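Here's the structure we're looking at; comments come further down.
The values are calculated or read from the model by the stated rules, or taken from the named source; none is laboratory data. Nothing here was measured: the structure is a model prediction, and the numbers come from that model. Glycine gets a Cβ as well: all are built from the backbone with ideal geometry, and neighbour counts include every protein chain shown.
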Amino acid sequence: QIEAGLLVNEIGNTYAGSSLIGLTAILDVASPGDRVLLVSYGSGAGSDAISLRVTAGLLERQQQAPMTRDYIARRVEIDYATYVRFTRKLNK
């Protein structure tokens with residue numbers, strides 16, 4: 001039941017974004033009537049849990065955007081030097 005939302009092995013740890021990226025992947029394959037429990041956790045002392053029930057309105061929305069795994073599949077991996085150049089972490 002949770003496999004669709006577990007993306008860390010594919011995209012690494014996105015920290016605060018991981019719960020929401022997992023939610024988008026779950027909603028890509030969810031059906032009306034499904035229950036979804038989204039739980040965030042972190043290195044702080046807090047955590048949040050949100051319970052959702054999927055409605056028929058999701059079916060229309062699923063057709064309006066690429067699936068999360070489609071976004072992941074089209075990524076282009078870059079080396080560290082390129083990352084540094086893109087993020088301007090080094091001064092010339």
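Within the stretch 10-19, being touching a residue at least 12 places away in the same chain (Cβ under 8 Å) and surrounded by fewer than 17 Cβ atoms within 10 Å (Cβ to Cβ) holds for 10, 11, 15, 16.
Out of all the residues in the stretch 40-60, which are part of a strand (DSSP E or B) and either more than 22 Å from residue 72 (Cα to Cα) or in contact with a Gly (Cβ under 6 Å, 6 or more places away or on another chain) (or both)? Once the filter is applied, which keeps residues that are part of a strand (DSSP E or B) and either more than 22 Å from residue 72 (Cα to Cα) or in contact with a Gly (Cβ under 6 Å, 6 or more places away or on another chain) (or both), the stretch 40-60 yields 48, 49, 50, 51, 52, 53. Exactly one residue out of 35, 61 is modelled with pLDDT of 90 or more, touching a Lys or Arg at 6+ places or on another chain (Cβ under 7 Å) and within 18 Å of residue 4 (Cβ to Cβ), and it is 35. Does residue 52 satisfy being among the hydrophobic types (A, V, I, L, M, F, W, C) and surrounded by 10 or more Cβ atoms within 10 Å (Cβ to Cβ)? For residue 52, the condition - among the hydrophobic types (A, V, I, L, M, F, W, C) and surrounded by 10 or more Cβ atoms within 10 Å (Cβ to Cβ) - is met. Close contacts from the stretch 63-84, counting a first residue that is over 18 Å from residue 27 (Cβ atoms) and a second that is not basic (Lys, Arg), with Cβ to Cβ under 7 Å and a gap of 6+ residues or different chains, come to 84/90. Looking across the stretch 71-92, just one residue is within 17 Å of the chain's Cα centre (by Cα), over 16 Å from residue 23 (Cβ atoms) and outside any loop (DSSP other than H, G, I, E, B), and that is 73.
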